[in-house]
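The values are calculated or read from the model by the stated rules, or taken from the named source; none is laboratory data. These figures come from a predicted structure and were not determined experimentally. No Cβ is skipped: glycine too gets one built from the backbone with ideal geometry, and neighbour counts run over all protein chains shown.
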């Protein structure tokens, strides 16, 4: 197992840990104006390309729920650390590197094994203010520490164990730790000093305790991305809090100040990546150096015109308490584009209106989709892209006629589906449930199916929703039942689901039909996944990296399944509305005794 995939796994695991920390950003005690200036979000510049964070602390009722869930997962986290060490032992050839990884993970395990858990290193994951944002085309994670002295002590212990692999530096009197990369000499203002004989500086990970904040970022060791700004030693002239952008998003979409509200500005992010023709960034310069054909003003303009079709992604929490967690995200679009897209989703009987143990589905009007694509591609034909990197879109527009014709013809057959597993045994690979195929013309759909399966003609199905048994030999004891209504063709596997099939065909659809929909009953979901074993998961791995990831994270996976015992239902849906593409997720908690 001593090969590059193992080494990449170690890097991916560390990256996943950082993302998990970012995911813990959450927020209801109100902060005064003076305090607001010092919250993590106040260090993000107003013109940042992306930012996520909370203006207030998370609601007390949600803190109690979160504490219960974290306590459930905590033992599994310790087991995961032990498994990670096993993998590193096998993947690291250097004995000294193995020794240092043991020392660091042993230290982390010892700290987290203490009764106070993360509090032993100065973190209160349940009551922190946090922010994740962009500055100088680099990501910054900024967390409020409950006890800065404890985190400083933890880092000092880690440095003692890692030696030169974890070095310290100082900038403007501020100490920081850094991993990898040589550190060039820096002037007092934090800028790298010019040294023609020095080798090119490498990117390095930097950790610092600045006041009461833990700051984690990347340092390019370049003058155009000064570390002082990344650490917040040099504050932005106008911060994100000063601009009121997060507060405005919360007010516009009903998000909680104590939740992790955020946005991604696609046009700003693109400008950081390809440049704006006037003020290049280190990233845009790197991109230009990699491209065979440099991006000119025409390419930048046309790429920005594409970004303008989805200029901003926003997201936040609409409910955080002991009863439910509800999250929302929206990919904003221009009014005309959003209106055109909102015609695409098609209604599916019972999807989102009839509860089930494990349900997924969605619907699309094929004719509307064909019309939408025709409009977009016609615009490309009328004004072809001149940028060399976008010419494939011109070719697609010219060659789309046959595909659009097929899509239009499919509008009479299928426009959506609803799949429900009433029972699912992953180990035995057995299941029962229902399948609903929504159609503008179910009789035509049935006719098409009968052309492949002539035996179905003998069932003589009518549009009355009455289920008929299909006498066919199956490698299971379950029976198959078929039924049809004026809007769908359905099938049930299992006698117990026959009656549900008939009721589903008569059920209403959601007023705003979803493009995609998923739903799970908490208890039923736990029962279904309880049959999933670590060996079965390993057999499904398609790569060595996936096999390693599944092995290391299995304790957390198994414990996470148990969390669903607390939940009544879990739902997620993707909608196309006059505002753009919307995504909602909700977890409804069972009443506690």
Exercise. Looking only at region 443-453, decide whether some residue is touching a helix residue (DSSP H, G or I) at 6+ places or on another chain (Cβ under 8 Å), crowded, with 17+ Cβ neighbours inside 10 Å and not assigned by TED's automatic domain parsing to the domain that holds residue 352.
Key: no
Quiz item: So which residues in region 80-101 are in a helix (DSSP H, G or I) and surrounded by fewer than 16 Cβ atoms within 10 Å (Cβ to Cβ)?
Solution: 82, 86, 89, 90, 95, 96, 97, 99
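Each row is one residue, and each column tells you yes or no for (1) within 30 Å of residue 536 (Cβ to Cβ); (2) not in a helix (DSSP H, G or I).
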{"site": "393", "(1), (2)": "no, no"}
{"site": "436", "(1), (2)": "yes, yes"}
{"site": "450", "(1), (2)": "no, no"}
{"site": "478", "(1), (2)": "yes, yes"}
{"site": "482", "(1), (2)": "no, yes"}
{"site": "486", "(1), (2)": "no, yes"}
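Is one or more of the residues making up region 299-313 more than 30 Å from residue 388 (Cα to Cα), in contact with a strand residue (DSSP E or B) (Cβ under 7 Å, 6 or more places away or on another chain), crowded, with 18+ Cβ neighbours inside 10 Å and not assigned by TED's automatic domain parsing to the domain that holds residue 61?
no
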Quiz item: Among the residues of region 342-353, is there at least one that is at pLDDT 95 or above and under 28 Å from residue 260 (Cα atoms)?
Solution: yes
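Matching residues to (1) assigned to a loop (DSSP other than H, G, I, E, B); (2) farther than 17 Å from residue 490 by Cβ:
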residue	(1), (2)
316	no, yes
322	yes, yes
339	no, yes
344	yes, yes
348	yes, no
351	yes, no
354	yes, no
Practice problem: Give 273, 217 a once-over and let me know the one that is within 25 Å of residue 126 (Cα to Cα) and either more than 20 Å from the chain's Cα centre (by Cα) or not assigned by TED's automatic domain parsing to the domain that holds residue 63 (or both). | Solution: 217
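One line per residue, one yes/no per condition, for (1) closer than 30 Å to residue 318 by Cβ; (2) surrounded by fewer than 17 Cβ atoms within 10 Å (Cβ to Cβ); (3) in contact with a strand residue (DSSP E or B) (Cβ under 8 Å, 6 or more places away or on another chain):
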site: 528; (1), (2), (3): yes, no, yes
site: 546; (1), (2), (3): no, yes, no
site: 553; (1), (2), (3): yes, no, no
site: 590; (1), (2), (3): yes, yes, yes
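Would a scan of region 503-514 turn up a residue that is over 24 Å from residue 568 (Cα atoms) and surrounded by fewer than 19 Cβ atoms within 10 Å (Cβ to Cβ)?
Looking for residues that are over 24 Å from residue 568 (Cα atoms) and surrounded by fewer than 19 Cβ atoms within 10 Å (Cβ to Cβ), one finds at least one in region 503-514, hence yes.
Does residue 424 fit the bill of being within 23 Å of residue 516 (Cβ to Cβ), at pLDDT below 95 and not in a helix (DSSP H, G or I)?
Yes; evaluated as a whole, the condition is true for this residue.
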Quiz item: Looking at (1) more than 23 Å from residue 70 (Cβ to Cβ); (2) within 19 Å of the chain's Cα centre (by Cα); (3) not in a helix (DSSP H, G or I), which is the one condition that is false for residue 570?
Solution: (1)
Quiz item: Among all residue pairs at least 6 apart or on different chains, which show Cβ distances below 6 Å where the first residue, located in region 224-252, is farther than 20 Å from residue 282 by Cα and the second is at pLDDT below 95?
Solution: 241/36
Practice problem: Looking only at region 189-226, count how many residues are modelled with pLDDT of 50 or more, in a strand (DSSP E or B) and under 16 Å from residue 172 (Cα atoms). | Solution: 7
Quiz item: Looking at 532, 548, which is the one that is at pLDDT 85 or above and either part of a helix (DSSP H, G or I) or closer than 20 Å to residue 518 by Cβ (or both)?
Solution: 548
Practice problem: Pull up region 357-389, narrow it to residues that are part of a strand (DSSP E or B) and buried (at least 18 other Cβ atoms within 10 Å of the Cβ), then point me to the one that is farthest from the chain's Cα centre (by Cα). | Solution: 363
